[in-house]
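The values are calculated or read from the model by the stated rules, or taken from the named source; none is laboratory data. These numbers were taken from a predicted model, which means no experiment stands behind them. Glycine gets a Cβ as well: all are built from the backbone with ideal geometry, and neighbour counts include every protein chain shown.
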């Protein structure tokens, strides 16, 4: 009933699944002939970062300057801060460069390129920069065929900054359905990055780095000609959304939330647990997929096998309502108050962010380590 | 353009608004003739707790044992842990009692009542307990007319525990629309708690405490006869959902997220900011209201006045997409990259949880203090 002697809710990280996910992506990068730059925005922990870079160059990507500081202090050297930088963050970035980090920034406008180069000159550093390219219209980036790409590249060539190449992220892969669409999106991502790189080179600008990636496109890419490095992060933990996309199976999901039944409401058809909105996040990514997993799939705490299609059907701040599908009934005798359960998350990046550490468990589901996370900004 | 010399995203707490919200609820409790027990699940900070208890008994409610430990260490004595306790949490609760805290637990079944009393006897403590009553079918609690209420009360009368009364929370107030429905829900909440208390007393059991509350019912209750204390928490910060319910106005919202424009996509109609899903949460509470505020209302960073009906229309982990309403256009000249903006949140409890501190600002919008939060479990 309570296999874990842990206060709930807490985040469990299944080490064998993590290892398997990391090895699979590591092999893919090798097979595709590109360097792997794991994105640590999901895991945000040193141990997972070391495991994910093993056998590769040691390069990583991060989503906040706080992560950059954390991983540099933890021994990582080659760090891409993969969110558009703004003038107000350059002093903090310069401090990392001065301490010896190989920190690379990204930006997506000639306006920002000029201010980064100017700040570099003022601060007495040279900011390495990748230009962010928009391959799918989903978020940030310069269109690969835009005159602004060359203008931004040239603005970086006047001291204070150094153009190192281009990067893109096909966020639209999350809207793809089926292997063929995902493979086509991977090709679209590749083609946009390569086109941008070729245009910069034709303009006489340097472009040694051509960086692409998202977990779905990294999983389904058929070729990466012209690309030098692959970035992905969600693959380490996987989640219900990735499983719904076909990127992994539910049995690959390495992150789960351990929770306890705190109340039972047979007249409502609910077990109530102590994993609510703060413990799971309010992410409902799977609502966009054919199989909507509501706020999460409920599993046996020991084996992590899904139980009778139970789902977290609603959340309040510290309460999670667990229900059975329409037409079926919870096996009430099996779940007295105090029963531990596990919940697989919609979106590992959001759920993991609720915790400052992972309880790492091994093949026997025994806690073997505590790994600290780097949260916030 | 950048009135605050702060790294973004960060949480701003407007001290004049906080004071005004606290004074309003404080007066309401006095007018209704009940004690106020502020719920600190939203603020999770000592300074806001001290302000909210000023002029009252000093009693507070919390949503995690970690909060109970944090507030006890910070000088609070009378603490209600207002989520159903389970056997696995009793040792931690007992440790607080042993240190001298007046910690009260809640539970909602005869089964848990028996195990709490048994644990109390084993651990050599007496657990003070309120029975949780279900007034609206929304979450946990024993129905006020159920035989289990008396059974649970009697299970607490055999040593190791002490029945102190009843509590209920009308979560269904969040589904009410209009002042009349809210006032009726407040009466339903009051009546359920009072009925449960009377039944316990008729059965010869003690019931000195009759505790009710939610921010909407506390705001709209017309009378609280038979009630001894009022619990509410969201009122301190307020949020877009409370404003949509009619509990407050947008100008009362004390919590906002300070963010920076990091990219501009005129062809998509977006400013992109560094306040994404982690900085704002994925809470979409206002989707259930007539005015859906999407992921938040975008305001001038200095004045906190809403700008041209701009909303956060989409979020990725570290990116917030800001758009204008259909048929209108962003005033692009006003928002170069680097511009600071503020975002009012859907749900303050969820947004505040992303931060480990508040940047407290005064009448002149000058940062005057940093207040630490107690997150996690």
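Taking helices (runs of 4 or more DSSP H) as the structural unit, those lying wholly within region A:161-264 and holding at least 3 residues that are farther than 20 Å from residue A:137 by Cβ correspond to A:179-202, A:240-245. Taken together, B:318, B:363, B:329 contain a single residue that is within 30 Å of residue A:173 (Cβ to Cβ) and in contact with a helix residue (DSSP H, G or I) (Cβ under 7 Å, 6 or more places away or on another chain), which is B:318.
Look at (1) assigned to a helix (DSSP H, G or I); (2) more than 17 Å from the chain's Cα centre (by Cα); (3) in contact (Cβ under 8 Å) with a residue 60 or more places away in the chain; (4) within 14 Å of chain A (Cβ to nearest Cβ) and you find that residue B:8 fails only one, number (1). Can you say whether residue B:185 is out of contact with any strand residue (DSSP E or B) (no Cβ under 9 Å at 6 or more places or on another chain), in contact (Cβ under 8 Å) with a residue 40 or more places away in the chain and more than 15 Å from residue B:34 (Cα to Cα), as far as the supplied structure shows? Here the answer is yes, as residue B:185 does meet what is asked.
Yes/no per residue for (1) in a helix (DSSP H, G or I); (2) in contact with a strand residue (DSSP E or B) (Cβ under 8 Å, 6 or more places away or on another chain); (3) in the same structural domain as residue B:274 (by TED's automatic domain parsing):
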residue	(1), (2), (3)
B:298	no, yes, yes
B:303	no, no, yes
B:307	no, yes, yes
B:322	no, yes, yes
B:329	no, no, yes
B:338	no, yes, yes
B:350	yes, no, yes
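Among the conditions (1) modelled with pLDDT of 95 or more; (2) assigned to a loop (DSSP other than H, G, I, E, B); (3) surrounded by fewer than 24 Cβ atoms within 10 Å (Cβ to Cβ); (4) not assigned by TED's automatic domain parsing to the domain that holds residue A:152, residue A:275 misses just one, which is (3). With respect to the stated conditions, residue A:42 is in a loop (DSSP other than H, G, I, E, B) and buried (at least 23 other Cβ atoms within 10 Å of the Cβ). Consider region A:18-31 and keep the residues that are buried (at least 18 other Cβ atoms within 10 Å of the Cβ) and in contact with a strand residue (DSSP E or B) (Cβ under 9 Å, 6 or more places away or on another chain). The one that is nearest to residue A:212 (Cα to Cα) is A:29. Being out of contact with any helix residue (DSSP H, G or I) (no Cβ under 9 Å at 6 or more places or on another chain) and either crowded, with 21+ Cβ neighbours inside 10 Å or more than 26 Å from residue A:241 (Cβ to Cβ) (or both) is the filter here; which residues of region A:332-360 pass it? Scanning region A:332-360 gives A:332, A:333, A:334, A:335, A:339, A:341, A:342, A:352.
Is it the case that region B:72-82 has a residue that's modelled with pLDDT of 95 or more and within 12 Å of another protein chain (Cβ to nearest Cβ)? The answer is yes, given that some residue of region B:72-82 is modelled with pLDDT of 95 or more and within 12 Å of another protein chain (Cβ to nearest Cβ). Scanning region B:272-294 for residues that are in contact (Cβ under 8 Å) with a residue 24 or more places away in the chain, more than 9 Å from chain A (Cβ to nearest Cβ), more than 16 Å from residue B:8 (Cα to Cα) and touching a strand residue (DSSP E or B) at 6+ places or on another chain (Cβ under 8 Å) turns up just one, B:293. Of all residues in region A:56-80, those that are assigned by TED's automatic domain parsing to the domain that holds residue A:46 and free of Cβ contacts under 8 Å to residues at least 24 places away in the same chain have Cβ atoms under 6 Å from Cβ atoms of residues that are assigned to a loop (DSSP other than H, G, I, E, B) and crowded, with 22+ Cβ neighbours inside 10 Å, 6 or more apart or on another chain, in A:60/A:40; A:60/A:76; A:62/A:40.
Sort through B:297, B:261 and tell me the only one that's away from chain A (no Cβ under 14 Å) and either crowded, with 21+ Cβ neighbours inside 10 Å or closer than 16 Å to residue B:9 by Cβ (or both).
Unique residue meeting the criteria: B:297.
Annotation: of all residues in region A:45-63 being part of a loop (DSSP other than H, G, I, E, B) and out of contact with any strand residue (DSSP E or B) (no Cβ under 8 Å at 6 or more places or on another chain), the one that is farthest from the other protein chains (Cβ to nearest Cβ) is A:55.
Evaluation of residue B:367 against the conditions (1) more than 17 Å from residue B:297 (Cβ to Cβ); (2) in contact with a strand residue (DSSP E or B) (Cβ under 6 Å, 6 or more places away or on another chain); (3) modelled with pLDDT of 95 or more shows that the sole unmet condition is (3). Once region A:137-159 is narrowed to residues that are more than 11 Å from chain B (Cβ to nearest Cβ) and out of contact with any strand residue (DSSP E or B) (no Cβ under 7 Å at 6 or more places or on another chain), the residue that is nearest to residue A:93 (Cα to Cα) is A:159.
Check whether at least one residue in region B:326-345 is in contact (Cβ under 8 Å) with a residue 60 or more places away in the chain, within 10 Å of chain A (Cβ to nearest Cβ) and more than 19 Å from residue A:64 (Cα to Cα), and report yes or no.
Within region B:326-345, one or more residues are in contact (Cβ under 8 Å) with a residue 60 or more places away in the chain, within 10 Å of chain A (Cβ to nearest Cβ) and more than 19 Å from residue A:64 (Cα to Cα).
Provide a single number: the residues in region B:25-39 that are part of a helix (DSSP H, G or I) and within 16 Å of the chain's Cα centre (by Cα).
Of all residues in region B:25-39, those part of a helix (DSSP H, G or I) come to B:25-32.
The next check asks that each one be within 16 Å of the chain's Cα centre (by Cα); those that pass are B:25-26.
Here the count works out to 2.
Residues in region A:199-231 that are loosely packed, with under 15 Cβ neighbours inside 10 Å and out of contact with any strand residue (DSSP E or B) (no Cβ under 8 Å at 6 or more places or on another chain): A:201, A:202, A:203, A:204, A:222, A:223, A:225.
Here is a yes/no grid of residues against (1) surrounded by 18 or more Cβ atoms within 10 Å (Cβ to Cβ); (2) closer than 22 Å to residue B:11 by Cα:
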{"residue": "B:47", "(1), (2)": "yes, yes"}
{"residue": "B:54", "(1), (2)": "no, no"}
{"residue": "B:60", "(1), (2)": "yes, no"}
{"residue": "B:63", "(1), (2)": "yes, yes"}
{"residue": "B:68", "(1), (2)": "yes, no"}
{"residue": "B:90", "(1), (2)": "yes, no"}
{"residue": "B:98", "(1), (2)": "no, no"}
{"residue": "B:102", "(1), (2)": "no, no"}
